[in-house]
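What follows is a set of notes on a single structure, which appears directly below.
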Amino acid sequence: MNFSKIARVAGREFASTAMTKGFIIGALVVPALMAALIPLIAILSAAAQPPADKGTIYVLDHSAEVFDDISSRLSPEEVRQRWEDRAKRASDFAKGMIGKAGDSASDSIDNAMSFIKTPEFRIVPTAPDADIEEIKAQIREQLSTKAALEDPMQKVLAVIEIDADAAQKLNDEEGLGSYQAFFRPKLNEETVGEIESGIRWSIRERRYDNAGLDRDMITELANVNARESKEITEEGERKESSGIATFLIPVASLVLLIIATMTGGQYLLTTTIEEKSNRVVEVLLSACSPMELMTGKIVGQMGVGLSLLVVYNSVGIAALIAFNRLDMISGQTIILFFVFFLLAYFMLASMMAAIGSAVNDMREAQSLMTPVMLTMMIPYFFFMPVVRAPNSMLSTVSSFIPPISPFIMIMRVSSTDPPPAWQIAAVILVTVIAVFFFLWFAAKVFRVGLLMYGKPPNLRTLIKWIRMA
Amino acid sequence: MGAGVSNAIMMNGVRKTFGPKVAVEGIDLQIPQGSMYGFIGPNGAGKTTTIRMIMSILFPDAGELSVLGKKSAVESKDRIGYLPEERGVYKKMKVANFLMHMGRLKGLDARGLKPKVMEWLERVELADVSKKKCEELSKGMQQKVQFIASVLHEPDLIILDEPFSGLDPVNMRLLRDLINEQHTNGKTVIFSTHVMQQAESICDHIIMIHHGKKVLDDTLSDIRTRFDPHAIHVDTISDADQTTAIAAIQGISAVHKHEGIYEVKVADSIDQQQAMQSILAAIPVSSIEIKRPTLEDVFIEIVTEGTNAQHHDQDQQQLRAQLLAGSKGEEEASS
């Protein structure tokens with residue numbers, strides 16, 4: 001084996017694959033663009049909010065005691081105050097999540113909040129004996145005329161009818177009454193929510209008073225503010241892994257591993273078929289041996305897969321740093337990730353090199369590719385059971401079966417309940433042995449297949465080739 | 001085996017089978033350094049398999065082989081230039097970059113490689129396409145680029161498998177001159193062809209392969225002497241048939257008229273010069289020459305040897321037609 005030749009082949013393989021516009025755009029720019037688009041979408045959806053609702057709310061208060069509270073609760077000043085407070089809380093929360101990510105992010109959150117438009121209400125009491133149907137008719141009339149109102153506040157948004165016993169029982173046999181709201185159609189969800197919660201708050205306020213209870217005291221008593229939950233591990237304590245996080249890291253690892261292996265593998269298949277169908281392969285074989293050629297090609301495409309991994313991993317780690325959740329992965333996991341990538345890649349690449357050398361064009365490769373692709377699908381089927389129970393019998397056994405072992409193991413390793421170290425070591429050992437078997441097989445097929453033109457081989461011919469080589 | 005040192009290639013009972021098919025059956029040969037050898041034989045004779053074994057792309061099932069004094073070409077690949085029959089280029093690569101890549105693969109230093117590539121491209125009149133992608137080149141141009149790739153690293157042994165296929169006459173001459181130049185510079189050159197005339201015009205030693213066996217291994221002049229047909233070609237001035245007139249001359253054993261030219265077989269005991277003079281005296285002649293054996297004749301002679309007389313002529317005609325079809329196809333491909 002001449003290493004400078006292998007390096008030469010690998011260099012060309014890498015350059016011809018990764019240094020192309022297609023690869024850079026497809027593999028790097030597109031995900032980057034998508035990442036950039038997410039905040040943009042958030043801003044756009046905020047900007048696309050409908051104008052704030054403004055108008056009159058009629059209150060027919062049969063109880064004769066709730067109106068004042070409603071009037072002050074839904075007054076423009078109080079509504080605006082509450083909305084601002086809420087926006088501030090959301091923004092503080094988001095900033096807390098992003099943590100050290102910087103001012104630009106919090107600026108964009110502030111911007112997004114400024115798009116939220118506060119509704120404005122005029123609360124009008126009706127005469128106690130007023131006919132509610134008349135007010136409803138007023139809404140219908142406004143809807144049918146379509147003409148713009150002189151004063152936008154004249155627009156009737158809602159009619160609220162409050163029961164006489166809403167805040168106080170009239171007799172002991174029946175429970176407390178309630179209210180009924182009639183809304184103009186197509187109001188913003190937030191407007192309806194604001195009005196309804198305002199009414200409920202006001203009715204509750206009256207009820208507390210009537211029962212002789214102190215509102216502040218009830219609030220205080222009702223509020224149980226727990227400190228952040230932690231998980232106790234062998235090493236110490238850590239933030240509790242929330243449901244989504246337990247799935248997020250393993251599934252991201254699995255998908256990333258599959259993408260990186262498949263990308264390198266696919267390119268290897270394509271370039272091998274290309275070299276064969278271009279008839280450039282024998283020219284190359286005049287300069288290097290089939291083993292040197294295959295090794296160089298595998299190493300070159302490994303570089304392609306690795307560069308994908310490095311880019312995506314960096315993005316992932318940056319995201320974790322941004323959300324201050326770097327504790328979710330360890331340095332060990334990252335190292336193991338690269339180990340499992342290499343193992344998975346070498347197995348897939350061997351198969352791809354063997355197939356690529358055996359066939360004459362991409363079409364012929366398809367039939368031989370089917371079993372390979374099916375094998376690559378298996379880890380997806382195992383995703384749910386493995387992530388739910390990373391140390392179950394199924395998870396443990398399946399992580400010892402090459403060629404799916406690296407994929408299963410990366411899910412287990414990156415889960416919140418990683419397997420013991422001896423298992424990791426054993427799986428790596430078993431897989432390394434498998435890798436050598438795959439490479440041996442590929443080398444045999446590669447050497448014979450490269451110079452065979454004509455009918456594509458079936459499994460029997462492949463075995464014959466292996467005997468031949 | 002002191003001679004082994006000066007042999008560029010030595011094969012001893014080399015045999016190669018593909019499943020039930022025997023591609024090469026026990027070939028022995030010695031190719032001395034600095035010689036110019038032609039491998040000839042019809043398509044499928046085993047030429048490419050033999051060359052691939054020399055290049056260690058295939059390995060023999062049996063027999064011994066040495067290349068440039070080494071057990072196999074693996075150890076001396078950088079000293080061999082090889083233009084395979086199945087040849088191609090990286091379509092998307094630029095011409096100069098492709099040649100530099102091949103040069104580096106052959107162990108050349110990056111330094112000084114580019115001027116060298118450019119110099120070669122100029123010699124084959126391709127300097128202006130050095131920055132073009134290989135796929136933009138015509139087939140003939142690609143072939144010249146591939147030839148450069150095989151000699152760029154100044155190898156001691158150059159093996160060219162069907163180097164002229166697909167070339168027009170002008171480029172064929174250019175390539176022939178380049179090959180001759182390599183030979184003059186003391187390089188060992190081996191090339192294979194199924195077009196016998198090409199071998200005749202360029203080689204000094206011929207190896208003929210048929211059905212995986214070596215059927216001829218001799219210098220061109222020796223072959224001509226050995227296979228001298230002892231015949232004279234005669235063209236007459238008049239259109240009148242002269243067959244009987246020629247046949248009547250003493251010492252003439254047979255006369256055939258073929259496409260207006262008489263092929264006159266001279267009895268073995270008679271000197272050809274003497275026979276020519278007798279013919280000149282007997283009939284009006286426009287041209288007369290001693291018939292020289294072509295490799296095609298030699299090949300057919302060898303292959304049909306031993307078949308009984310009845311089938312002899314028929315076999316010869318069939319083979320000739322086969323060979324003709326082969327070289328015809330070649331000419332069509334190059335036009």
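The values are calculated or read from the model by the stated rules, or taken from the named source; none is laboratory data. Because the structure is a prediction, the values reported are computed rather than measured. Cβ coordinates were reconstructed from backbone atoms using ideal geometry, including for glycine residues, and neighbour counts include every protein chain displayed. Heavy atoms of the whole protein, side chains included, go into the accessibility calculation; ligands, DNA and RNA do not. Shrake-Rupley method; radii C 1.70, N 1.55, O 1.52, S 1.80 Å.
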*Conditions: (1) open to solvent by 70 Å² or more (accessible area, probe 1.4 Å); (2) within 13 Å of chain B (Cβ to nearest Cβ). A:Val283 meets all but one. Number of the miss?*
(1)
*Filter result (hydrophobic (A, V, I, L, M, F, W, C), in a helix (DSSP H, G or I) and open to solvent by 50 Å² or more (accessible area, probe 1.4 Å)) within the range A:309-327*: A:Val310, A:Val311, A:Val315, A:Ala318, A:Ile321, A:Leu326
*Elements of type strands (runs of 3 or more DSSP E) in the range B:126-210, at least 1 residues being more than 14 Å from chain A (Cβ to nearest Cβ)*: B:188-193, B:205-210
_Flag if B:Arg87 is open to solvent by 10 Å² or more (accessible area, probe 1.4 Å) and in contact with a His (Cβ under 9 Å, 6 or more places away or on another chain)_ = no
*Looking at this structure, is B:Lys16 in contact (Cβ under 8 Å) with a residue 24 or more places away in the chain, of a type in the set (Lys, Arg) and in contact with a Phe, Trp or Tyr (Cβ under 6 Å, 6 or more places away or on another chain)?*
no
*asked:* Which numbered condition in (1) part of a loop (DSSP other than H, G, I, E, B); (2) surrounded by 12 or more Cβ atoms within 10 Å (Cβ to Cβ) is the only one that B:Glu296 fails?
replied: (1)
*Considering only the range A:453-464, state which residues are touching a residue at least 60 places away in the same chain (Cβ under 8 Å) and either open to solvent by 60 Å² or more (accessible area, probe 1.4 Å) or not in a loop (DSSP other than H, G, I, E, B) (or both).*
A:Tyr453, A:Leu462
*So which residues in the range B:36-67 are more than 14 Å from every other protein chain (Cβ to nearest Cβ), outside any strand (DSSP E or B) and aliphatic (A, V, I, L, M)?*
B:Ala45
*Go through the range B:227-278 and give me each residue that's basic (Lys, Arg) and closer than 15 Å to B:Ile290 by Cβ.*
B:Lys265
_Here's a check for you: in the range A:286-308, which residue that is part of a helix (DSSP H, G or I) and surrounded by fewer than 21 Cβ atoms within 10 Å (Cβ to Cβ) is farthest from the other protein chains (Cβ to nearest Cβ)?_
A:Leu306
*Contacts under 6 angstrom Cβ, first residue in the range B:73-95 being more than 8 Å from every other protein chain (Cβ to nearest Cβ) and under 14 Å from A:Ala287 (Cβ atoms), partner open to solvent by 60 Å² or more (accessible area, probe 1.4 Å) and in a strand (DSSP E or B), 6 or more apart*: B:Ser76/B:Lys70
_With the requirement that a residue be open to solvent by less than 60 Å² (accessible area, probe 1.4 Å) and at the interface with another protein chain (Cβ under 8 Å from one of its Cβ atoms), what does the range B:96-107 give you?_
B:His101, B:Met102, B:Leu105, B:Lys106, B:Gly107
_Here are the criteria: (1) open to solvent by less than 40 Å² (accessible area, probe 1.4 Å); (2) assigned to a helix (DSSP H, G or I). Tell me which single one A:Pro419 does not satisfy._
(2)
_Can you say whether A:Ser350 is open to solvent by less than 10 Å² (accessible area, probe 1.4 Å), away from chain B (no Cβ under 14 Å) and hydroxyl-bearing (Ser, Thr, Tyr), as far as the supplied structure shows?_
yes
*Tell me, yes or no, whether the range B:22-31 has at least one residue that is away from every other protein chain (no Cβ under 12 Å) and either touching a Pro at 6+ places or on another chain (Cβ under 7 Å) or not in a strand (DSSP E or B) (or both).*
no
*Could we say that A:Glu274 is more than 26 Å from the chain's Cα centre (by Cα), open to solvent by less than 50 Å² (accessible area, probe 1.4 Å), within 14 Å of another protein chain (Cβ to nearest Cβ) and modelled with pLDDT of 85 or more here?*
no
*If you go through the range A:132-152 one residue at a time, do you hit one that is assigned by TED's automatic domain parsing to the domain that holds A:Glu84, closer than 30 Å to A:Lys88 by Cβ and without any contact (Cβ under 8 Å) to a residue 12 or more places away in the chain?*
no
*State whether one or more residues within the range B:73-83 are part of a loop (DSSP other than H, G, I, E, B), open to solvent by less than 60 Å² (accessible area, probe 1.4 Å) and either closer than 28 Å to B:Gly186 by Cβ or not β-branched (Val, Ile, Thr) (or both).*
no
